[in-house]
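Asks: First the structure, which I've put down as structure tokens, then a few questions once you've had a look.
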Amino acid sequence: MSRAWISELLALAALLLGAVLAALLFGHLAWMLLLALVLFLARWSVQLVRLDRWLRSRRRDPPASWGIWGHLFDDYYRLRRRHNESKKRLAAVIREFREATAAMPDGTLVLDREFRILWCNNAAVELIRLTNRSDFGQPVSNLVRSPRFVAYLESGDYDTAVEIRSPIDQSRRLMLRLVPYGNEQYLLMIRDVTRLHRLQAMRRDFVANASHELRSPLTVLGGYLDSMADDRDLDPAWRRPVRQMQAQCQRMNNLVNDLLELSRLETEETDAPMDDPVDMPALIRRLGRDTVLADADAHPLEIAIESEHGLLGVENELYSALSNLVNNAFRYSPEGRPVRVTWRDEADGGACFTVVDQGVGIDRRHLPFITQRFYRVDSSHSRASGGTGLGLAIVKHVLKRHGARLDVESEPGEGSLFRCHFPAERVCSTRGREQDRL
Ligand code: ADP
């Protein structure tokens, strides 16, 4: 038992003892005891009133008292002081956070679980023109109405950012990223990426223009080299150099074509259209025929078409991506090793295109980088086999435009597996579509 309780009980005992002594002198024991209890209760009532007054008043120091009441006053005082200190600390943290985010050049908004605006910094006010306090409490999609952004909000996948045109100035570009935190709250970060976007566009234009300009001289050179190679009177000493020049000219042509294709894909900012059905079984059969023709039967090609489904997208882009994968399988497999191509439905309603080879394979540490432009595991093999270093970059862009994913599994010396997974919303019934069109 605490000291406070002991002194309180001692006080009560002293009062009762006083009552007994008084009864010995004056009689009326019961009345005397009752009087002692009333006195004790009166003290408790007075202390209760003092506690009540102190709680209501702004006075900081607790009223002076002893026994259990003194203990209660002190304990409560300590609690109140601790609470005030943590409130102050919290307020300081919030103030610092607000000052830091207010000074940030990027816009920051705090959203609730329904994406309603709870708070924002000055940069956000500028970037999406939050006009007044009435914008607070509104869903952010009322102010930023871009369908891309609305789809991003609804997707629930906030690992990446989304780029849109500014809602207040169409010539500007904004990058928005949602960061979930705490109890179903979100931070929406907005960055003006107009300058970066212009620089990227300049780079793309430069690459596209330079590639375009290189095309004509290359065609002329190629033409002359072809005629020289066909010339029966050509000095035999020149035959080998001419063949080498032809091969290099062809390489440069491939490079220019791939660069043009890549810059076209990069310029297309929207996803591939969903209204063109592509007959995938027919496309894969055509791809098989073309590849076998080009490779002169050096590798047996097995094609397993297990699904009659097609895809909604752009036929020549899909052809280009899938043929890059099949060509790679051929180029990175020793002669005679088979390549297997499969087209099948997936359990999630999507569809999957797979290329499996038994070629040189790729070491695990290279896998994260092979879709980067000009990344090659073995540069000499790539160049010798006519590679441009851009094939998988093209594949990545085409798949991204079709909402698809590329998975690669590979073991050095064993072979590789490239799997393109297309989402269910891209899959269509080719037969149904044919009938629709008839
Ligand atoms: P490249 O024109 O050099 O083949 P890609 O972009 O098509 O360029 O491929 C990038 C690199 O990935 C290649 O240089 C090669 O090292 C590796 N690679 C791609 N496909 C395969 C494959 N099927 N087997 C082994 N390595 C591959």
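Asks: His299 fails exactly one of the following numbered conditions: (1) in contact with a helix residue (DSSP H, G or I) (Cβ under 8 Å, 6 or more places away or on another chain); (2) more than 8 Å from the ligand (Cβ to nearest atom); (3) part of a strand (DSSP E or B). What is the number of that condition?
Replies: (3)
Asks: Just the residues that are within 8 Å of the ligand (Cβ to nearest atom) and at pLDDT below 90, please, taken from region 366-382.
Replies: The answer is Asp378, Ser379, His381, Ser382.
A quick yes/no check of all residues on (1) of a type in the set (Val, Ile, Thr); (2) more than 16 Å from the ligand (Cβ to nearest atom):
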{"residue": "Ile303", "(1), (2)": "yes, yes"}
{"residue": "Ser307", "(1), (2)": "no, yes"}
{"residue": "Tyr319", "(1), (2)": "no, no"}
{"residue": "Ala329", "(1), (2)": "no, no"}
{"residue": "Asp345", "(1), (2)": "no, yes"}
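Asks: Looking at region 383-394, is at least one residue near the ligand (Cβ under 9 Å from one of its atoms), over 21 Å from Glu317 (Cα atoms), modelled with pLDDT of 90 or more and surrounded by 20 or more Cβ atoms within 10 Å (Cβ to Cβ)?
Replies: no
Asks: Determine whether Glu308 is in contact (Cβ under 8 Å) with a residue 40 or more places away in the chain and within 27 Å of the chain's Cα centre (by Cα).
Replies: Values: in contact (Cβ under 8 Å) with a residue 40 or more places away in the chain: yes; within 27 Å of the chain's Cα centre (by Cα): no.
Here the answer is no, as Glu308 does not meet what is asked.
Asks: What strands (runs of 3 or more DSSP E), lying completely within region 72-174, carry at least 1 residues that are surrounded by fewer than 13 Cβ atoms within 10 Å (Cβ to Cβ)?
Replies: Output list reads 117-120.
Asks: Can you tell me which of Phe418, Phe353, Phe422 is modelled with pLDDT of 95 or more and near the ligand (Cβ under 7 Å from one of its atoms)? Break it down stepwise before answering.
Replies: Details: Phe353 fails: near the ligand (Cβ under 7 Å from one of its atoms); Phe422 fails: near the ligand (Cβ under 7 Å from one of its atoms).
Phe418 is the lone residue from the list that is modelled with pLDDT of 95 or more and near the ligand (Cβ under 7 Å from one of its atoms).
Asks: Give the number of residues within region 190-204 that are at pLDDT 90 or above, surrounded by fewer than 17 Cβ atoms within 10 Å (Cβ to Cβ) and not β-branched (Val, Ile, Thr).
Replies: Qualifying residue count for the region: 5.
The values are calculated or read from the model by the stated rules, or taken from the named source; none is laboratory data. This one's a predicted model, so the numbers in the text were calculated from it and none came from an experiment. Cβ coordinates were reconstructed from backbone atoms using ideal geometry, including for glycine residues, and neighbour counts include every protein chain displayed.
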